[in-house]
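K.L.:
What follows is a structure written as structure tokens; I'll ask about it next.
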Amino acid sequence: MAPVFDSVTLLGLFDKLLVVGLVYGCTRILKKEASLRILAILTALTVAEFSSKELGLTTTASFFHLLLSSTPVILAIIFQSDIRRALFSFWKRNKSGDSENLDVTTTVDELSKGLHELAERRIGALIVIIRQMSIDHLVQVGTEIDAKVTSELLNSIFLPYSPIHDGAVIIQREKITSAGCILPLSQNPDIAKSFGTRHRAALGISEQTDVLVLVVSEETGKISIVHEGKITYDADPAEIRRLSRKAIEGRRAPRMTATPEH
């Protein structure tokens, strides 16, 4: 058996660890929460392959080598939504002057007023603001509306006796484009059990696209902000206005830190 620490073997090990480091860097950019777990798995596979070769376990070493070689494909499947979101942000930009044609201030005022009124009356609501990415492939559209955002319209949609109150309202630019929409639920096992369907739907759509989602809890009357799979419970009204404006204008919001439900 060849010496364990000969130069050729060490060079091969360094080569694999270098790839592990590069993959870790990429996953950290895409999704920081999963990067350490990915790093641990890749390191374990590298050590396992190296050890198997040194022990003469050819078949076992080949198995681990196959797993390592398949890493790019596996990661592309796991992080497909994050990759799509990252690529989309590079090539699709708003045309200059688009936001100037929007009456953003009025839209934000009406949206904030509607949210406040719904929260005061503890009427549940789920509002999705499209930023840049299309969500058509993920959403089951209920009723097409195509109307300006007003507090009165939001209240009438989410009233308990409304036939479309259980679904989501979609806002794109200064208009409500549809209501009663069904969103994909998050499959994240770490979500607080106290969160209901609305919050899980908000997290689900935000994990796959760059939308901003606003949720009114009918149990507590608190308003949550959801973006990139993170949730801020009982959000500050000023922060809601600021992030809503950015979303309506099609601009990306800064990364959020999740806050637990109180």
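The values are calculated or read from the model by the stated rules, or taken from the named source; none is laboratory data. If you're wondering where the values come from, they're calculated on a predicted model, not measured in any experiment. Cβ sites come from the backbone with ideal geometry, for glycine too, and all protein chains shown count toward neighbours.
K.L.:
Considering only the range 154-173, how many residues are part of a loop (DSSP other than H, G, I, E, B) and surrounded by 21 or more Cβ atoms within 10 Å (Cβ to Cβ)?
P.N.:
1
K.L.:
Follow-up. Take the residues in the range 58-76 that are among the polar types (S, T, N, Q) and farther than 14 Å from Val47 by Cα; name whichever of them is modelled with the lowest pLDDT.
P.N.:
Of everything passing the filter in the range 58-76, Thr71 is modelled with the lowest pLDDT.
K.L.:
Look at Ala192 and say whether it is at pLDDT below 90, surrounded by fewer than 22 Cβ atoms within 10 Å (Cβ to Cβ) and touching a Pro at 6+ places or on another chain (Cβ under 7 Å).
P.N.:
Taking the combined requirement at face value, the residue satisfies it.
K.L.:
Same structure again: How many of the residues making up the range 127-153 are out of contact with any Asp or Glu (no Cβ under 8 Å at 6 or more places or on another chain), buried (at least 18 other Cβ atoms within 10 Å of the Cβ) and of a type outside the set (Val, Ile, Thr)?
P.N.:
Of the residues in the range 127-153, 1 are out of contact with any Asp or Glu (no Cβ under 8 Å at 6 or more places or on another chain), buried (at least 18 other Cβ atoms within 10 Å of the Cβ) and of a type outside the set (Val, Ile, Thr).
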